[in-house]
1. Need one number: % antiparallel among DSSP beta bridges in chain B, to the nearest 5.
2. Quick check on my link table: of B:LYS45/B:LYS106; A:LYS126/B:LYS40; B:LYS40/B:LYS132; B:LYS67/B:LYS106, which ones sit more than 21 Å apart, alpha carbon to alpha carbon?
3. What distance in nm lies between label points placed 7 Å from Cα along the C-beta direction at B:GLU181 and B:ALA110?
4. Taking Rh as the Kirkwood radius, which is the inverse of the mean 1/r over Cα pairs, what is the Rg/Rh value for chain B?
5. Quick one: give the max-minus-min coordinate of the C-alpha atoms of the stretch A:38-92 along each principal axis, largest first, in Å.
6. Test of understanding: express the Cα radius of gyration of the stretch B:44-104 as a ratio to 2.2 N^0.38 Å, with N the residue count.
7. Semi-axes of the equivalent ellipsoid of the protein assembly as shown: what are they in whole Å, largest first, if each equals the square root of 5 times a C-alpha gyration tensor eigenvalue?
8. Counting alpha carbon pairs within less than 8 Å and at least 6 residues apart, what relative contact order, in whole percent, applies to the stretch B:48-178?
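What follows is calculated from the coordinates using simple rules that are stated; it is not laboratory data. Note that the structure is a prediction, hence the values are computed from the model and not measured. Neighbour counts are summed over all protein chains in view; Cβ atoms, including those assigned to glycine, are modelled from backbone coordinates with ideal geometry.
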Amino acid sequence: MTLLLSPLAALGRSVLAGLAMLGRIVIFALRAFSHILRPPYYPREIGHALLQIGWLSLPVVGLTAVFTGGALALQIYAGGARFNAEAVVPQIVAIGMVRELGPVLVGLMIAARVTSSIAAEIATMKVTEQIDALVTLSTHPMKYLVAPRVLAALLTVPLLVGIGDVIGILGGYTVAVQNLDFNAATYLQNTVNFLELRDIASSLAKGAVFGVIAAVMGCYYGMHSGRGAMGVGRATKSSVQAAAILILAANFVLTGVFFSV
Amino acid sequence: MIELRDVHKTFGANRVLRGVDLTIPKGTSMVIIGGSGTGKSVALKCVLGLISPDSGLITLDGQDVTKGDRDAFLARFGMLFQGGALFDSLPVWQNVAFRLLRGSLKRPLAEAREIAIEKLRRVGLTPEQADKFPAELSGGMQKRVGLARAIAADPEIIFFDEPTTGLDPIMSGVINELIREIVVEMGATAMTITHDMTSVRAIADNVAMLHDGVIQWTGPVAEMDASGDPYLEQFVTGSAEGPIEAVR
C-alpha cells in the first residue's frame, strides 16, 4: 500500500511546492508593480532598461519574425495546394503571425535574451553583495533593480510584438510575391482587409503580458539566487525555463479569452 | 552606542548566533574576531537589518533598530563590504557618490562628483581613476573605492567586513592605516570583522571574540595578549592546539 501511495505523495508534494512557488512569484510581481506606482523613480535605470529590453532586442525579433513569416507562407501554400486553397496564403499568414506566432515567438525570444540576462545580472549582484550594498545605501533593490525592468518590459514588448507582426507579414509577402507568383498589391490588400482590430489588440495585449512574465521571472530568480557561480547558473536556467512555460500557458489562456466566442 | 542583547540566528539546522551580547560605545572602534563561519558577518548584517535575528534586541543609541524610519537609520551608516561590492555598471565616482546622487542626501551632480573625487583622494586614489569602471581597477584599488563609498556621506557609524582579505601585506597595511585615520578623524563608531591579527592591532580600541555563537571574550585591545582566555589565546597565536577545533 505504501509502495502505491508514495508516488502519489511525491506528486502531491511537487504540486504543492509548485503552487507555493507560483504564489511567491505572484506576490513578487505585485510588489514590483507597487514600486512602479510609488516614488522615488529612477529615470536613468528606466531608460537603461528600455534600451536593453526594447531597442537592443529589435534585431533578434526582426530576424525571428521575417524567417517565420517566410516559412509560414511556404507551408500554407504547400498545404493549401492539397485542396486547391493556395490563395489563402495572405490571410493565414496575417492571422497566424498576428494572433499566435508573432506574440509567442517574440515572447520566447525575449525570455531567451532578456530573462536570462536579467537573472544572471541580478544573481551576480546578489552573490557579490551588491544588493546588500544597495540596501545599506538606502536604495530599495525592488525599486532600483526590479521596477525599472518590469516597467520597461511592459512598455516595449508590445511594441516589439507589433514590429514582429509587421516584419513577419512582410516576410510572408516577400516569399509569396517572389517565389509563389502572388500579385503584390492583391496580397497586401487581402492582408489588410482580413485582419480585425481584435486580432491586433490581442497581439499587443499578449505582448504586454509576456513582457511582464519575462522580466518578473528574470528578476525573481535573480533576487532568489543561490551562492556562487552554480547559484547564478541555476537562477539563469530556471528563470528561462519558467518564463517560457508561463508564456506558453498564458498564451493558451489569453487565446481562449480573446477568441473562444 | 550599539548594543546587541541575547541575539539568536539560525539557518536551517545551523545555529549561528546563540545569544550574542555586545556593546560598542560611541566613537570607539570595535573589532570582532573569530574563525571562518562563526557568524561574524551575520552579526554585522543583523545590526544593519540585512538579516533579521530570530530573537534578541539590537539598539542604536537606545532605539530598537527594527523600528523607526529605516532610511534615516541607514543614512547614519557606511559599510565596506568584503569584496568591495562595487556596482559594475557605474563608473568609480558614481559608485562613491551613489548616496549623494539619489534619496534624501541628494546633491547637484557637479557637487556630488567633487565630493567623490575628494573622498577618492582621501583614500589615495587620483581623480584619473574616477571615470574608470570597477573592473578596470586592481583588488586593492577596488577596496579603496569601497572605503571611499563608505565614508562619502560622512556617516556616524562605519562597518568594515574583512577589509584586508585578499590583499598583499603592504596593501593591507595601507588599508588598516586608512581605516584608523578615518575613524579617528571623523570620530565615527566603527565595527570591523576580521581574522587578520595585524588589522586587529592596527584598527581596534576594543576586541570581541565570537566563537560557538556567543561572545567568548571582549575587552580593550591592550588586554588581548594577556586575557587568560584559552580560546582567544589560541586564536591570537594561531595554534592548532587548544579548545578551538582546527578542523571545523
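1. Values: 21 of 38 bridges.
Just about 55 percent of them are antiparallel.
2. Check vs 21 Å cut-off fails for B:LYS45/B:LYS106; B:LYS40/B:LYS132; B:LYS67/B:LYS106.
3. 2.9
4. Value, to two decimals: 0.97.
5. Extents along the principal axes: 61, 23, 11 Å.
6. 1.33
7. The three semi-axes for the protein assembly as shown are 56, 27, 19 Å.
8. Details: 169 pairs, mean separation 42.1, N = 131.
Normalised by residue count, the contact order of the stretch B:48-178 is 32 percent.
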